[in-house]
Ligand SMILES: [Zn+2]
């Protein structure tokens, strides 16, 4: 017995998209595989005509024991409040197919370049700006959890967390604020949200000023749950789900101009959060 899933993608060039498989503790652990949209549609048409569809599967994937991996970090220490941290990043792992260029190579490189910009401009913000490449986002998010555990009580010194994991298409802004509920962090105050909207206006020049309510991202979710105000970079998202988790997620899909706009958005937001006199989460 195996489960076949229609690839989770709006557009397909007969290229199956991979992804995680989760089992309930009690249920049987049957193998699962994704088929391309075209093949799924073909099977649906055949079975609609009463044809008995048979599929031969050759599958090599196996579950191996956990092994050591590492989050990669770098930072510019704050000039006045080095213990207070604005963290930004994405995930360093990717699926085995494709190159993981959009998911999430572009995210981690844009975060690093945002901090490189500060370095080149000789800017040392009031607080520490830290870049993290979290590991294992695609296969359990252990890197994000380990980062939060490593912080311990110091998580309270995290002023904000910013994640980029929707690819490097043209940015439109950030979601911010969280939504209370299972798996979500506490909502930020109205005045913190209004301040975020003001910060967003710095990005009007590149049409990336939209601040909308939402949650952040998988890697920073353990921080969000601990009450750290969390931002997720949002893009036009026209093609991300065409490419991601497939053989098509290659470097040629990253438009250099759009990529630079993402760097600008991350740099402006992280710098402002690290430099402004008050912590955004303290605004009542
Ligand atoms: Zn990702």
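The values are calculated or read from the model by the stated rules, or taken from the named source; none is laboratory data. Everything quoted here is computed from the prediction, not taken from an experiment. Quick reminder, even Gly has a Cβ in these numbers, built from the backbone with ideal geometry, and neighbours come from all protein chains shown.
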Flagged in region 95-105 as part of a helix (DSSP H, G or I), more than 16 Å from residue 220 (Cα to Cα) and within 10 Å of the ligand (Cβ to nearest atom), in numbering order, are 102, 105
The listed residue being more than 16 Å from the ligand (Cβ to nearest atom) and either closer than 27 Å to residue 169 by Cβ or under 19 Å from the mean Cα position of the chain (by Cα) (or both), out of 110, 70, 61: 70
Testing residue 190 on (1) more than 16 Å from the ligand (Cβ to nearest atom); (2) modelled with pLDDT of 95 or more, one condition comes back false. Which one is that? (2)
Note on region 124-140: residues in a loop (DSSP other than H, G, I, E, B), within 16 Å of the ligand (Cβ to nearest atom) and either crowded, with 19+ Cβ neighbours inside 10 Å or at pLDDT 95 or above (or both) are 135, 136, 137, 138
Is at least one residue of region 217-229 in a strand (DSSP E or B), touching a helix residue (DSSP H, G or I) at 6+ places or on another chain (Cβ under 7 Å), away from the ligand (no atom under 16 Å from the Cβ) and over 26 Å from residue 37 (Cα atoms)? no
Take the conditions away from the ligand (no atom under 16 Å from the Cβ), within 21 Å of residue 262 (Cα to Cα), assigned to a strand (DSSP E or B) and under 20 Å from the mean Cα position of the chain (by Cα) and apply them to residue 87. Does it pass? yes
Does residue 14 qualify as being touching a helix residue (DSSP H, G or I) at 6+ places or on another chain (Cβ under 7 Å) and farther than 27 Å from residue 174 by Cα? yes
